[in-house]
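This report concerns only the one structure given below.
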Amino acid sequence: MDKGKNMTIGSPTRLIITFAIPLIIGNLGQQFYTIVDSIIVGQGVGVKGLAAVGATDWTYWLFLWTIQALTQGFSIPIAQQYGMGNSKGLNKCLAMSVILCGGLGLILTVLGFLSISPLLHVLKTPGDILDGAASYLRILFGGILVVMAYNMASAILRAFGDGKTPLIAMAIAAVTNILLDLLFVMGFSLGIAGAAIATVIAQSIAFGYCLFFLFKNEILKFDPADWRLEKRTLRNLCISGSSLAVTHILIAVGGMILQSAINLQGSIFIAAVTASNKLLGRLESSAVSLGYSVTTYIAQNWGAKLYERLKKGLKVSIFIAIGISSLITLLIVFAGKPILSLFLDSADEHAADVLSISYRYLFLMSCMLSSLYLLHVLRSALQGIGCGFATILSGTAEFIARVSVALYFSHRFGAFAILFAEPFAWILAVLVLAVMGVRRFGRLLPSA
């Protein structure tokens with residue numbers, strides 16, 4: 001059974017949209033159960049529990065984004081080999097990716113446990129939420145190998161043009177996560193630790209489902225020779241994965257420095273930013289999914305040397321990004337406050353203050369959402385043609401923006417300046433990617 005989708009033939013608009021839709025729904029499902037974590041923690045544990053979860057965001061994202069970047073990077077040569085129709089090269093890339101993911105997953109697990117206490121202290125996490133934040137991270141880092149496995153399996157499926165299997169996996173995992181959240185947090189009173197356990201179990205189920213369908217896929221026909229280490233393939237995978245990983249590490253480190261400025265504002269401000277960021281992650285999920293679709297489309301057509309078709313797909317993706325982000329902006333402007341109120345216990349004495357700050361932050365970000373969507377489209381397109389340098393430059397731009405807000409603007413203009421950090425980072429990165437995109441795609445010759 002081959003559930004892949006060949007993106008070198010057919011309408012670029014139809015291919016990109018139909019491939020992106022299940023990815024968007026799947027990502028929303030994945031993001032939805034992290035929202036449920038926050039809602040249940042906020043309602044069941046209170047503002048301090050929500051703040052403890054929020055204080056871990058950038059620390060965990062440093063590892064999570066590294067994993068997602070590596071697996072997405074590994075999937076680019078896989079998609080290129082698929083576009084070429086080179087089954088031998090495809091299977092070798094797949095085998096080497098699995099070996100790399102296993103080794104890197106173990107390394108990241110050890111680094112994660114060793115970094116918890118130092119990073120939380122460096123980030124100036126308030127003492128009243130420090131223990132809860134550390135407990136939450138210990139459980140999440142214990143599941144890093146599971147997260148690595150799921151992200152690699154779903155990245156491989158996307159490289160084949162299969163967006164439906166990861167969607168179904170996320171739907172099953174989302175339902176499981178919600179039920180376990182209610183059981184562990186509300187039923188067993190395990191607090192934020194229960195929410196973390198539920199998330200790891202849900203990811204395990206998603207991986208198992210994806211793995212089942214990978215084994216049934218007729219594309220995968222491994223020989224023992226495929227598992228022998230090959231320097232050239234390993235090097236290509238590492239170059240593709242490392243450029244994305246460096247980009248996301250820069251983004252996460254910049255975010256951690258920004259988080260330290262947020263943490264100085266106290267638990268109420270942290271909780272407010274956490275609620276907005278949890279919702280922003282849901283808004284960004286469709287941008288990420290569109291980016292995955294663009295990467296697969298560009299990589300397959302790059303492998304097939306269909307350059308005019310490649311550029312047409314990029315133009316279509318830009319229009320789609322602007323359209324989706326505009327609709328979401330309108331939704332958030334009118335419905336943002338009721339949605340944010342779900343994260344808070346109305347009986348909490350600080351709930352009104354948290355809601356006021358949170359909506360102001362969300363409103364500012366939603367008004368600039370189109371820049372975030374363009375960022376993902378342009379970055380993904382450049383990744384698809386193997387231009388890792390452009391992605392690193394864009395990550396550097398985001399790093400500079402967030403650090404400048406954390407270390408300069410927040411001290412000069414107060415907490416209000418922090419609310420502009422994310423839009424500032426998006427705009428700066430888009431400018432970098434736009435310049436690089438014009439240079440790289442403008443040089444591509446028409447297809448023969």
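How big is the dipole moment of the range 173-253 about its Cα centre under a simple scheme where the beta carbon of each Lys and Arg is +1, that of each Asp and Glu is -1, and everything else is neutral? Debye, nearest 20, please.
Working: 6 positive and 5 negative charges, 64 e Å.
Its charge dipole is roughly 300 debye.
Treating the angle as unsigned and between 0 and 90°, give the value, to the nearest 10°, between the Cα long axis of helix 127-142 and the longest Cα principal axis of the chain.
20 degrees
With springs connecting C-alpha atoms under 10 Å apart, model the chain as a Gaussian network and identify which of Met186, Met152, Met170 has the largest mean-square fluctuation.
Greatest mean-square fluctuation among the candidates belongs to Met186.
For the chain, modelled as a GNM with alpha-carbon contacts under 10 angstrom, which of Gln265, Gln72, Gln81 fluctuates the most?
Maximum fluctuation in the GNM of the chain, among the listed residues, is at Gln265.
Quick one: of Lys231/Lys311; Lys88/Lys305; Lys164/Lys221; Lys48/Lys337; Lys48/Lys124; Lys92/Lys216, which pairs are farther than 25 Å apart, Cα to Cα?
With Cα atoms farther than 25 Å apart: Lys231/Lys311.
I'd like the distance separating the alpha-carbon centroids of the range 177-248 and the range 63-103, in whole Å.
Computed from Cα coordinates, the inter-centre distance equals 13 Å.
Compute the long axis of helix 12-44 from its Cα atoms, compare it with the longest principal axis of the Cα atoms of the chain, and write down the angle in degrees, 0 to 90, nearest 10.
Roughly 20 degrees between the two axes.
Mind checking the per residue accessible area of the range 104-259 for me, 1.4 Å probe, whole number of Å²?
Values: 6750 Å² over 156 residues.
Result: 43 Å² per residue.
With angles folded into 0 to 90 degrees, how steeply does helix 351-367 sit against the dominant principal axis of the chain? Use alpha carbons for both and round to 10.
It works out to around 30 degrees.
Counting Lys +1, Arg +1, Asp -1, Glu -1, what net charge surrounds Leu123 among other residues with beta carbon under 14 Å of its beta carbon?
Working: positive: Lys124, Arg402; negative: Asp57.
Overall, the nearby charge balance is +1.
Considering the options Tyr150, Trp227, Tyr359, tell which one lies farthest towards the positive end of the dipole of the chain, charges being +1 on Lys and Arg and -1 on Asp and Glu at the Cβ, about the Cα centre.
Farthest towards the positive end: Trp227.
Kindly write out, for the range 284-293 in residue order, the coupling ³J(HN,Hα) from the Karplus curve 6.51 cos²θ - 1.76 cosθ + 1.60 (θ = phi - 60°), rounded to whole Hz, with x marking Gly and Pro.
6, 4, 5, 5, 4, 5, 4, x, 4, 4
Of Ser135, Ser154, Ser293, which is the most mobile in a GNM of the chain whose springs link Cα atoms less than 10 angstrom apart?
Evaluated over the chain, the most mobile residue of the options is Ser135.
Take the alpha-carbon positions of the range 317-411, form their convex hull, and give its projected area averaged over all directions (one quarter of the hull surface) in nm². Walk me through the numbers on the way to the answer.
Details: hull surface 32.2 nm².
Projected area, direction-averaged: 8.0 nm².
Run the accessible area of the chain with a 1.4 Å probe and give the carbon-and-sulfur part as a rounded percent.
Of all accessible area on the chain, carbon and sulfur atoms account for 70 percent.
Computed from the coordinates I sent, Cα extents along the principal axes in Å equals one of [x] 66, 43, 36; [y] 76, 57, 35; [z] 99, 55, 42. Tell me the label.
Label [x] holds the value from this structure.
About the Cα centre of the chain, how large is the charge dipole given +1 on each Lys and Arg Cβ and -1 on each Asp and Glu Cβ? Please answer in debye to the nearest 20.
On the way: 31 positive and 19 negative charges, 373 e Å.
The dipole magnitude comes to about 1800 debye.
Treating only the Cβ of Lys, Arg, Asp and Glu as charged (+1, +1, -1, -1), what charge dipole size does the range 299-389 show about its Cα centre? Round to the nearest 20 debye.
Details: 8 positive and 5 negative charges, 183 e Å.
With Lys and Arg at +1 and Asp and Glu at -1, about 880 debye.
The values are calculated or read from the model by the stated rules, or taken from the named source; none is laboratory data. These figures come from a predicted structure and were not determined experimentally. With ideal geometry, Cβ positions are generated from the backbone for all residues, glycine too; neighbour counts draw on all protein chains shown. Only protein heavy atoms, including side chains, enter the accessible area calculation; ligands, DNA and RNA are left aside. Shrake-Rupley method; radii C 1.70, N 1.55, O 1.52, S 1.80 Å.
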